[in-house]
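Report on the structure given below.
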Amino acid sequence: MRALLVVLHLTAVISVACPAPVRTMPDSSWKRPAVQEEVLGWTTRLAKIGIRLTPDELQSLSTDIQRQWIDARRAILGPALTYLRVIGATQAWYMFTGPDKEPQRFVLSFTTARDDGGTEAERVFELGYELEHPELLHADFLDDHRVRRVMFQTSWGKSESTFRIVCQALDVRLRKQREDVVDTVCQLVGRPVEHPYRRERKRTDSIAREIAVHKDGSIDEAKDGRPSKRRLPAKKRTPSSSSSPSAVTP
Amino acid sequence: MKARFARLWRTIRAHTDATENGACVAAVRIGIALSLLVLLVPFVFTEAGREIVRFSFCDDESGGYRSMVGTPAIRLLGGPTEAVVMNLLRTALVGSVLMLVGLFGRAPILVVAVATKIVFSQNSDVSGGGDSLLGNALFLLLLADCTATMSLDCWLRTRRLFDHTPIPAWPRKLLLVQIVVVYTATGIQKLVSTAWTPFDGFSALYQILQSPQWARSPGLIEATDGWLVVPAAIMSVVTIVWECFFFVALVKPRTRVIFAVVGVAIHIGIFALMEVGVFSLLSVAYYPAMFAAICTRLAERASAPMSSPTAVLQEESSAPSAVISSSTAPSPPASP
């Protein structure tokens, strides 16, 4: 009996851990430079062995295969997936599959009012770099891999709303520390990474998304340098005194 | 066909019936408990840690970045509020300390497994390979008699820190298979990207180290002005080859030392260059499962001076001692 259970456990672990797409890639992910570069690379390589496909055809073929694979995998491995989830032994080992060719960096700033009626912008942090206002947020907080993971997710198309809610959460924190904050500004700044063998390529920053949270809680958004037509109304704030996050270093 | 199946079944039975010294799984237990302490102590005792917990695992009303309904388990406890989540983490911390010292058998492991599972499953956006590695380790340790030796339980039972009474070997073998699966699977899935292959000059690490999401110093590559091209390519080659061929350690036990030494070096590199939490510590905590014979030898050597000469003489003249029984115990079949 014990031998049988051990064999079943091993079968579940190995079959679920086998690398496989777990969901089809959304269109927004296909459009990312890192993915496009991979697609182009594979069309060139396939052409060399006589398989001529355009990038669009390769994308479509790849999506079809992914979908069929996922359906078949789900049907076959359903019980194993349930068993592993229940015992807390999930098998998702997708780590550093490929480099992001144009990682978007989360940048947080705020504006304050000047005496002449204008506003002055101050940067709080650019993710991965030195915290410029340590009195507003903990450096260890920003360095934590879970927090970085959230910031990383904000740059992916599938979680566009995450960028907005993260910005709103940071706005709440800033305003608790600084009463003079006029707008909290979050940006996703794209910058191609330096390739080791194409180092001469010019790399310029581009603002992929920007959100300004105003004092009344309303939001203005801009995408790819163009302002969004919609202005989101203020979100009801729910500060909690018992659990208010105090980011001030004692 | 039938005969072949019968032979295979006999081999499996031999593996699952085998017994061995408990030092190996005890070492894994201690390693996992230490990793848990590194993970949980900042959450419980530092303001930055509590801020991370609120931001990642609590509802927006408790300082989380998003509203959360919470899993059924946490809803039973009162929802994903700061108080509930922090109490679960404090419970897990106490459990980890008990796990480390080996008190109350496997009960603390169950407590830690349940508490961490409830907290970390609140938000899949902030979960990663480290949490999966932890979940797997805790489940497998629950199956093992991991406080049989090198524990307070052992001390209370035998007045010694080491007890060489054999325990079932199969949980240790499952730990070994698990770490082999982790590395081999992650290596194979990397082959999807050309950056890990000669097609793109093994440029993966050079590019990944510029990512502000993972790199400890995203400006390092730029600041070194191309000096890291070759070292990063070498590191990429070593990583992908080591991961893809890690399964060899399962079938060729003699290669395990090489895989372990390279593994420790890679994890030191990951720890120095990347921010991935306690993933590296948890991974290395599995490594004792690769070395059943070495663990046994070390435990026997360490326990020798612990026994007073009178105790050894007494045991030798009367009942067979634990040490003697372990050395004369039937040796388990070849490790997987």
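The values are calculated or read from the model by the stated rules, or taken from the named source; none is laboratory data. The model shown is predicted, which means the values in this text are computed figures rather than measured ones. Every residue, glycine as well, gets a Cβ built from its backbone with ideal geometry; the counts of neighbours run over all protein chains shown. SASA here: full protein model, heavy atoms, side chains in, ligands and nucleic acids out. Shrake-Rupley method; radii C 1.70, N 1.55, O 1.52, S 1.80 Å.
Do any GluC sites (Glu not before Pro) in region A:121-164 lie in a DSSP loop with no more than 15 other beta carbon atoms within 10 Å, and if so, which? Working shown, then result.
Numbers: sites: A:E122, A:E126, A:E130, A:E132, A:E135, A:E160; in loops: A:E130, A:E132, A:E135.
The qualifying sites are A:E130, A:E132, A:E135.
In region A:15-64, the portion of solvent-accessible area held by carbon and sulfur atoms comes to 61 percent [1.4 Å probe, whole percent, DNA, RNA and ligands not counted]. Projected onto its three principal axes, the C-alpha set of region A:99-142 covers 46, 24, 11 Å, listed from the longest axis down. For region A:112-201, with all protein chains in place and a probe radius of 1.4 Å, 44% of the accessible heavy-atom surface sits on carbon or sulfur.
Take the Cβ atoms of B:S67 and A:A222, set R0 to 22 Å, and the FRET efficiency comes out at 0.30. With the alpha-carbon atoms of chain B aligned to their principal axes, the span from lowest to highest coordinate is 70, 52, 48 Å, starting with the largest. Label-to-label distance, B:R13 versus A:I65, with points set 7 angstrom from Cα along the beta-carbon direction: 4.4 nm. Using only alpha-carbon positions in region B:90-249, the gyration tensor eigenvalues give semi-axes of 39, 19, 15 Å once each is multiplied by 5 and square-rooted (largest first). In region A:145-188, which residues have a backbone nitrogen under 16 Å from the label point lying 7 Å from A:E135's Cα in the Cα-to-Cβ direction? Taking a point 7 Å out along Cα→Cβ of A:E135, the residues of region A:145-188 whose backbone N falls under 16 Å are A:174-182.
Magnitude of the charge dipole for the protein assembly as shown, about its Cα centre and with charges confined to Cβ atoms of Lys, Arg (+1) and Asp, Glu (-1), is about 2180 debye. If you take the Cα centroid of region B:156-171 and the Cα centroid of region A:116-163, the two points sit 50 Å apart.
Given R0 = 51 Å, the distance between the Cβ atoms of B:F199 and A:R85 translates into a calculated FRET efficiency of 0.90. Given a Förster distance of 51 Å, report the FRET efficiency between A:L8 and A:A47 from their Cβ-Cβ distance, rounded to the nearest 0.05. Taking R0 as 51 Å, the efficiency between A:L8 and A:A47 is 0.65. Computed over region B:69-142, the percent of Cα pairs more than 14 Å apart is 60.
Rounded to the nearest 10 degrees, the inclination of helix B:23-45 to the longest alpha-carbon principal axis of chain B is 40 degrees. Annotation note: trypsin sites (Lys or Arg not before Pro) in region B:138-191 located in DSSP loop regions with a Cβ neighbour count of at most 14 within 10 Å are B:R159. Residues B:W227, B:W155, ordered by accessible area of protein heavy atoms at a 1.4 angstrom probe radius and largest first, appear as B:W227, B:W155.
The value of relative contact order for chain A, using C-alpha pairs under 8 Å at least six residues apart, is 16 percent.
Ordering A:V182, B:V25, B:V261 from largest to smallest accessible area (1.4 angstrom probe), what's the sequence?
Largest accessible area first, the list is B:V261, A:V182, B:V25.
Under a Gaussian network description of chain A, with springs only between Cα atoms under 10 Å, the residue in A:L40, A:L77, A:L127 that fluctuates furthest is A:L77. Note on region A:105-205: semi-axes of the ellipsoid equivalent to its C-alpha gyration tensor, largest first and rounded to whole Å, are 26, 17, 14. For the chain pair A and B, the buried solvent-accessible surface (1.4 Å probe, both sides summed) amounts to about 6700 Å².
Over the C-alpha atoms of the protein assembly as shown, the Rg to Rh ratio, Rh being the Kirkwood estimate, stands at 1.01. The Cβ shell under 12 Å around A:H9 holds other residues with a net charge of +2, Lys and Arg each +1, Asp and Glu each -1.
Considering only B:I74, B:A293, B:Q189, the residue lying farthest towards the positive end of the dipole of chain B is B:A293, judged by Cα position with unit charges set on Cβ.
Length gained on full extension, B:R157 to B:V241: 25.6 nm, using 0.36 nm per residue less the C-alpha separation. By the rule of a second cysteine Cβ within less than 4.7 angstrom, chain B holds isolated cysteines at B:C58, B:C146, B:C154, B:C244. Only aspartates and glutamates eight or more places from A:K48 in sequence, or on another chain, were considered; those with a Cα closer than 19 Å are A:E37, A:E38, A:D56, A:E57, B:D200. Normalised by the empirical 2.2 N^0.38 Å for globular proteins, what value does the Cα Rg of region B:1-107 take? Region B:1-107 yields a ratio of 1.62. Pairwise alpha-carbon distances in region A:58-167 exceed 16 Å for 76% of all pairs. Sorting B:88-95, B:235-242 by their mean Cβ neighbour count within 10 Å, with the most densely packed peptide first, gives B:88-95, B:235-242.
Ordered by solvent-accessible area of protein heavy atoms (1.4 Å probe), largest first, the residues B:M1, A:M1 come out as B:M1, A:M1. Treating each Cα of chain A as an identical point scatterer and ignoring solvent, apply the Debye formula and state log10 I(q)/I(0) at q = 0.10 Å⁻¹. Here log10 of I(q) over I(0) equals -0.71. The residues of the protein assembly as shown present an accessible area of 47 Å² per residue when probed at 1.4 Å with all protein chains retained.
For chain B, what does the helix formula give at 222 nm: sum of -39500 (n - 2.57) over DSSP H segments with n ≥ 4, over the residue count, nearest 500 deg cm²/dmol? Before the final figure, lay out each step's value.
Numbers: 18 runs with 215 residues, N = 336.
Here the helix-only value at 222 nm equals -20000 deg cm²/dmol.
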